[in-house]
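What follows is one structure encoded as structure tokens, with my remarks underneath.
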Amino acid sequence: MNLAQLYETLTAAGNLSGWQEMYVNFYKAWFLNDRWIQYFKGLLTTIEVTVIALIIGVALGVVVAVIRTAHDQQRLGRRNPVLGIINALCKIYVTIIRGTPMMVQLLIMGFVIFKSSRNFTLVGALSLGINSGAYVAEIIRGGLMSLDPGQMEAGRSLGLGYFDTMRFIVIPQAFKAILPSLGNEFITLLKDTSLISVIGGKEIVYFAQAIITKTYEAMYPYIIVAIMYLIMVLIFTWLQGKLERRLRESDRR
């Protein structure tokens, strides 16, 4: 007897024991009408959203961190007014993003700024990327400011400009120090993809909710979603740990 036949037998029987009812509910949530395909469809969207948001977040974070660090490291009496204005805008961006809930930002982006858009998944990815950029900026800025100022002076003495010194000397050293914090931020970003379902983004939670409306049983769809997220986080954590070990080994050589 295969799974489908067992399901039909149990549902036809009427009165089910505890384990039989659990099996029937799980079968409806995962196997019935090939619903497992919907979960993996949502999983692919989740990964896609995470990658897009990650690229946006890192790009924004690096730019904002470099601008704010450059402003803070200016010598007294040699302040650049243009850099001061850009730095003020960056501070406003970081303050607003870090001071408001991710859910509220998604709702504003989805139903106010991009209310005419129908690609809510892309809107969600953009919102997550903008949100992550503020946190990444502060993580990177903290790493850059924690380094010995002599590193910058050494690069300048070699004839390198400010941005070349940051690129070849300062940022590679800071990256090793901030890697654990960046990893935690990226894990948070991955889990926050579940929020885009509130604006119609079609990731795992969206499809789980669609299945719940058909089965009228919420436990198994949400448990399946939780397990899928947990597996993704464990894989990402393992990759992060492997990268950290490799960087430590390179330091010993």
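The values are calculated or read from the model by the stated rules, or taken from the named source; none is laboratory data. The structure displayed is predicted, hence computed values, not measured ones. All Cβ positions, even for glycine, are placed from backbone atoms using ideal geometry, and neighbour counts span all protein chains on display.
Residue 188 - would you say it is hydroxyl-bearing (Ser, Thr, Tyr) and over 20 Å from the mean Cα position of the chain (by Cα)? When the stated conditions are applied, residue 188 does not pass them. Pairing residues of segment 209-222 that are in a helix (DSSP H, G or I) with residues that are among the polar types (S, T, N, Q) and at pLDDT below 90, at Cβ distances under 6 Å and at least 6 apart in sequence or on separate chains, gives 220/25.
Within segment 59-102, the set of residues being exposed (fewer than 14 other Cβ atoms within 10 Å of the Cβ), assigned to a helix (DSSP H, G or I) and within 21 Å of the chain's Cα centre (by Cα) comprises 59, 95, 96, 98, 99. Looking across segment 175-185, just one residue is touching a residue at least 40 places away in the same chain (Cβ under 8 Å) and more than 17 Å from the chain's Cα centre (by Cα), and that is 176. In segment 103-131, of all residues being hydroxyl-bearing (Ser, Thr, Tyr) and outside any helix (DSSP H, G or I), the one that is modelled with the highest pLDDT corresponds to 116. You will find that of 185, 203, 153, 138, the residue that is over 22 Å from residue 61 (Cβ atoms), acidic (Asp, Glu) and surrounded by 16 or more Cβ atoms within 10 Å (Cβ to Cβ) is 203 and no other. If you check 230, 239 for being surrounded by fewer than 18 Cβ atoms within 10 Å (Cβ to Cβ), modelled with pLDDT of 95 or more and assigned to a helix (DSSP H, G or I), only one passes: 230.
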